[in-house]
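Here the structure comes first, spelled out in C-alpha cells, and everything after it is commentary.
The values are calculated or read from the model by the stated rules, or taken from the named source; none is laboratory data. Only a predicted model underlies this, so the values are computations on that prediction, with no experimental measurement involved. Here the Cβ positions follow ideal geometry from the backbone for every residue, glycine too, while neighbour counts run over all protein chains shown. Accessible surface is based on the protein model in full, side chains and every heavy atom, while ligands, DNA and RNA are left aside. Shrake-Rupley method; radii C 1.70, N 1.55, O 1.52, S 1.80 Å.
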Amino acid sequence: SEPPVALGIDVGTSGVRVAALDAAGDMVAGEAQPFAPEADRAAPDIWWQATATCLDRLRSAISFEAITGLAVDGTSGTMLGLDADGAPVGRAIMYNVPCPDAAIVAAIDTAAPSDSPARGANSALARAIALMRRPGVVRVLHQADWIAARIAGFTGVSDTNNALKTGYDPVAETWPDWIEAAGMPVAALPPVVAPGTPVRRLGRAASERFGLPPDAFLHAGTTDGCASFLATGASAPGDAVTALGSTLVLKLFCDRPISAPQYGIYSHRLGDLWLVGGASNSGGAVLRHFFADADLARLTAQLAPDRPTGLDYYPLLTPGERFPVNDPAFAPRLTPRPQDDTIFLQGLLEGIARIETMGYRKLDALGAPPLRSVRSVGGGAVNMAWTQIRRAMLGVPFLPARASDAAAGTARLALGRNALP
Ligand code: ADP
C-alpha cells in the first residue's frame, strides 16, 4: 500500500492553505486559496469554501487513499456561534475584534484569576459570551474547531491551544468554574483535548464530500501561531523561533508553563512541552517605514555587520512597548540619524537584534530554560547580515527553519504518536 500521508489545514488571516506531509515530515503536496479581496473574512462560509477548494485541488494532485490523518488550525481567538442544528448564526467575531460590550469584559475581569489569558478587551471568552447573547445561538466553537467538525460531520471538539484565551486551564485540563460566574455556560463550550489527539474517524461525511478515507483520523488541531512554530522543526526545550515580520515575535519551547500577563506572555501546551511567546512592537514595520524592501536588499549588501555602529536605537513607530519592557509610554529611540543610510539601517537592525536578545533574557529571567538554538522566519529572515548581527548577540546556533507555514506544522499534529515532543 502507499506510504502514509497526513494533512494539515491552515485557516489563516488571508486565506486557506493545505499541506500534505509524508511520515518523515517532508512536504508531499500543498494548495492555497486566498480569500477574495471583497470577501467577508468573518463569514464562516468563506472559510469553508476556501477549504473545500484546497481539498478538491489536492485530490487531483495526490491519492487520498494514503491519507491517515488530518488536523486543522485557525486564527487564535476567532469564535463563532452555532444554532441547535449546528449551523453558524451570523458572522464570526474575529481574533482582532475587541469585545464591543464593556460589561462582558468587566464580568470576566471580576471572575477570572489575575493571570488568566481570557482577561481584557481582546478576550476570546468575551467574544464567546457576546455570541451567546445572539438569538438562536446555543453553543460556540473556535474557527479551527468548526472547520474540523464540518469536514468530519460532527458537533466538534477544541484543543488546549485554541481554548487558552477562552479561559480553558491547560494545567488542570478543565474549563474552570469561574467561567460560569463570568457569564459563559460551560455546557455551550466544546470539549477540549490536547493538540494532535486522535479525536474520531473522518467518517462518511468526509468520504462522500471530499473522497477522504473514512477510516482516517481527525486529530485535534491548534492555533495558527503554534502551528507555524511547529512547522520550523523546533522540538526541544530551549529551541526558539524568532519571527522577523511586521512585528518582532519570540517563541521558545519550555519544559514548564510561564505566565506574565503584564508582558503579554502566556504558555501554550504542546505535547510534554510549553510554547512561550512574547511580541515586541518593534520589528520590520519600522524598517518598512524608512526603506522599501528593494532598498533594504540593496543597502544590506553594503553593511559591515562585524563593525557595530555604536548607535543605541530602540526602533518603534509610536511610543509604547509591551515586551521585553512593559511601558505604554516607552519612547522610540531613532536619533541621531547619520547621513549615510547604510549606517542608519545597520543601527536599526542592531537595535531590533538588541530587543530580541533582551527578550530571550527576559524569558530566561521568568524561568524559561536556557536558549539552545534560534530559527528565523518572516520577511527579515532572508537578511544574512542581520543574521550575523543577531547571532553575535545571542551566541547560540542559528538553525534553518524546516518550513514556516502553519499548514505544515498542523499536518505534523496529524502524523500521529511521535509528532510532538
Ligand atoms: P508580516 O508580519 O506582515 O507577515 P512578513 O513576514 O511578510 O511580515 O515580513 C515583512 C517585513 O519584512 C517588512 O516589515 C519588511 O520591512 C521586512 N523585510 C523585507 N525584506 C527585508 C530584508 N531584506 N531585510 C530585513 N527586513 C526585511
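Quick look at the values:
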read-out	value
Residue, nearest to the ligand (Cβ to nearest atom), within the stretch 245-266, restricted to residues that are in a strand (DSSP E or B) and open to solvent by 10 Å² or more (accessible area, probe 1.4 Å)	V249
Only listed residue being assigned by TED's automatic domain parsing to the domain that holds G77, more than 16 Å from P261 (Cα to Cα) and in contact with a helix residue (DSSP H, G or I) (Cβ under 9 Å, 6 or more places away or on another chain), chosen from A124, A103, A128	A128
Residue count for the stretch 280-293, restricted to those that are open to solvent by 50 Å² or more (accessible area, probe 1.4 Å) and either closer than 26 Å to D364 by Cα or within 7 Å of the ligand (Cβ to nearest atom) (or both)	3
Helices (runs of 4 or more DSSP H) completely within the stretch 318-421 that count 3 or more residues being away from the ligand (no atom under 16 Å from the Cβ) and within 19 Å of L275 (Cα to Cα)	341-365, 406-413
Residue count, the stretch 64-93 (criterion: open to solvent by 50 Å² or more (accessible area, probe 1.4 Å) and within 18 Å of A414 (Cβ to Cβ))	2
